[in-house]
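Novice: Can you keep this structure in mind? I'll have questions shortly.
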Amino acid sequence: MLHALVTVVQEAAAEGATGGIGLIGAGLAIGGAVLGAGIGIGPIGSAAASGIARQPEATAQIQTAAIIFAALVEGTALFGLALAFVLMGR
């Protein structure tokens, strides 16, 4: 399945967004990026809540680390959005 997704995105990049395949590739790119970001942020929040429950005195350090990790994961979604715009030709 991943190979098919990569093939569609590569074909869309090669042909441009003049056809429907470019828009499909752009949609798959942003959809995959957002799905990956959502899957990545879930365990971060879970681990932060668990860590704060176990060591309430370390709340500030745990929150800071969790926010930094979540921002890094969200950065991947922004790269997916940029890829989608490139595939759409804008």
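No value in this document is a laboratory result; all are computed from the given coordinates. Nothing here was measured: the structure is a model prediction, and the numbers come from that model. FYI the Cβ positions are ideal-geometry reconstructions off the backbone, even for glycines, and counts take in every protein chain you see.
Novice: Spot the failing condition for residue 86; the list is (1) of a type in the set (Val, Ile, Thr); (2) closer than 28 Å to residue 21 by Cα; (3) under 15 Å from the mean Cα position of the chain (by Cα), and only one is missed.
Specialist: (3)
Novice: Assess whether residue 41 counts as being β-branched (Val, Ile, Thr), surrounded by fewer than 12 Cβ atoms within 10 Å (Cβ to Cβ) and under 20 Å from the mean Cα position of the chain (by Cα).
Specialist: Spelling it out, it is not the case that residue 41 is β-branched (Val, Ile, Thr), surrounded by fewer than 12 Cβ atoms within 10 Å (Cβ to Cβ) and under 20 Å from the mean Cα position of the chain (by Cα).
Novice: Restricting to segment 44-66, give me the number of residues that are of a type in the set (A, V, I, L, M) and loosely packed, with under 12 Cβ neighbours inside 10 Å.
Specialist: 2
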